[in-house]
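Below is one structure, written out as structure tokens; the observations come after it.
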Amino acid sequence: MRALEILEHPDDEARLIARAADGDPSARDALASRWTPRIYRFAWRLLGHDQDAQEVAQDVMVRILGSLDRYDPSRKFSTWVYAIARNACIDEQRRRIRRPSAPLVGERPDPAPSPVMRVFEARRADRVREALDALPAKYREVLVLYHFEHLKYVEIAEALDLPLGTVMNRIFRARRRMRDLLGEEDAP
Amino acid sequence: MSRCPSRGTLDAFADGQLGDHEAAQVATHLDHCPMCEGYLRQLDPLDDVLAALDAPEPPPDLLAAVRAGRRPRRRLALRIGMAAIGFALVSAGISSAASDPAIAAWVRLALVLLDDVTARPVVLRAAVGGVLIVSTAALALAARRLAPVRRGALP
């Protein structure tokens, strides 16, 4: 898919965003294809609920495509997108009473070839999910942005509008909490 | 920090053992040095642990909805509903403010309550909105009936 391949270079991504802002349908489609799954997974990991993650992703992506003219090219597009998605997740969390994350177990794709391995992997994933859910939101969001979305410290600071030192402290503390929550067995 | 930090410094950074100033220098360096960034990520075993939490693929209709520019239905319905309730309350407030300040005060309070429940589940929001509208209408009706009595014009 050429439209996605050209996004590998930051300048090309900037051109694509500019074209999409001008209303080019193929550029808008390319941005939607690239970012909708990312926002969905980001929301899924922060919210722990599939339906909410879908709604947040749909809402955020439609809003982003509708406000590309307000995007400041001096910022990284990814940090702008994650900042909007993160705020939408916070709104969603405030909007609802916490729902159990159990349905995610059945929705997760099978990662292992044998039934025994599947059970083992599912149990392990459940423990990680529970540990992640048990983290305070401020730790969970930095961990998700760093480990799953592969943002750098500086990018996380920009996306969350926080000082760099705060982001570093939160990541260190989040890691320590994860280690404690997962116990010695899974501890890195 | 133009030169790459030593392995020892990077290890200390990963363990959170650097002072604030030095840690910030390393973090800034990591922003434009893929080699050091890669080294730190490979050093971090939490990546392997978190890899167990594999997020599912989004359903295909999600991308279709985004491409079509459709907002989620539930959110749209909620916004329209809340806007309608707010509009009804504001209208009631404006129309009754001239005749009865007590009702105007009640409407103001109702709007504050309505704003407060926007972070609650939909059933609660609908219930509160309904109660507010009905009670405002009842108050307005009662005030209209009592108005001649207050002015001393007994029926």
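The values are calculated or read from the model by the stated rules, or taken from the named source; none is laboratory data. Remember, it's a predicted structure, so these values are computed and weren't measured experimentally. Cβ coordinates were reconstructed from backbone atoms using ideal geometry, including for glycine residues, and neighbour counts include every protein chain displayed. Note: areas computed on protein heavy atoms with side chains; ligands, DNA, RNA excluded. Shrake-Rupley method; radii C 1.70, N 1.55, O 1.52, S 1.80 Å.
One line per residue, one yes/no per condition, for (1) closer than 17 Å to A:Phe42 by Cβ; (2) within 10 Å of chain B (Cβ to nearest Cβ); (3) modelled with pLDDT of 60 or more; (4) not in a helix (DSSP H, G or I):
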{"site": "A:Ile97", "(1), (2), (3), (4)": "no, yes, no, yes"}
{"site": "A:Met117", "(1), (2), (3), (4)": "no, no, yes, no"}
{"site": "A:Val128", "(1), (2), (3), (4)": "yes, yes, yes, no"}
{"site": "A:His150", "(1), (2), (3), (4)": "yes, yes, yes, yes"}
{"site": "A:Ala159", "(1), (2), (3), (4)": "yes, no, yes, no"}
{"site": "A:Ala174", "(1), (2), (3), (4)": "yes, yes, yes, no"}
{"site": "A:Met178", "(1), (2), (3), (4)": "no, yes, yes, no"}
{"site": "A:Gly183", "(1), (2), (3), (4)": "no, no, yes, no"}
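In this entry, B:Ala83 passes the filter for residues that are more than 11 Å from chain A (Cβ to nearest Cβ) and either open to solvent by 50 Å² or more (accessible area, probe 1.4 Å) or not small (Gly, Ala, Ser) (or both). Scan the range B:13-44 for residues that are open to solvent by 60 Å² or more (accessible area, probe 1.4 Å) and either touching a residue at least 60 places away in the same chain (Cβ under 8 Å) or at the interface with chain A (Cβ under 7 Å from one of its Cβ atoms) (or both) and the total you get is 2.
Among residues of the range A:55-91 being in a helix (DSSP H, G or I) and among the basic types (Lys, Arg), the one that is most open to solvent (accessible area, probe 1.4 Å) is A:Arg70.
Only residues that are buried (at least 22 other Cβ atoms within 10 Å of the Cβ) and more than 15 Å from B:His32 (Cβ to Cβ): list them for the range A:157-169, please. Full working, then the answer.
Taking the range A:157-169 as the starting set, the residues that turn out to be buried (at least 22 other Cβ atoms within 10 Å of the Cβ) are A:157, A:159, A:167-168.
Within the range A:157-169, A:Ala159, A:Val167, A:Met168 meet the criteria.
Note on the range A:21-52: among residues that are among the basic types (Lys, Arg) and either touching an Asp or Glu at 6+ places or on another chain (Cβ under 6 Å) or more than 9 Å from every other protein chain (Cβ to nearest Cβ) (or both), the one that is surrounded by the most Cβ atoms within 10 Å (Cβ to Cβ) is A:Arg38. Taking first residues from the range A:62-83 that are on the phi > 0 side of the Ramachandran plot and partners that are acidic (Asp, Glu) and modelled with pLDDT under 90, no Cβ contact under 7 Å between residues at least 6 apart in sequence or on separate chains turns up.
Go through B:Ala88, B:Ala64, B:Ala55 for me and flag whichever is touching a helix residue (DSSP H, G or I) at 6+ places or on another chain (Cβ under 6 Å), within 30 Å of A:Arg95 (Cα to Cα) and more than 9 Å from chain A (Cβ to nearest Cβ).
On the way: B:Ala64 fails: touching a helix residue (DSSP H, G or I) at 6+ places or on another chain (Cβ under 6 Å); B:Ala55 fails: more than 9 Å from chain A (Cβ to nearest Cβ).
The conditions single out B:Ala88.
Against the condition at pLDDT below 85, within 7 Å of chain A (Cβ to nearest Cβ) and open to solvent by 60 Å² or more (accessible area, probe 1.4 Å), how does B:Asp47 come out, does it pass? Here the answer is no, as B:Asp47 does not meet what is asked. The condition of being part of a helix (DSSP H, G or I), modelled with pLDDT of 75 or more and farther than 30 Å from A:Ala30 by Cα holds for only one of B:Val90, B:Val131, that being B:Val131.
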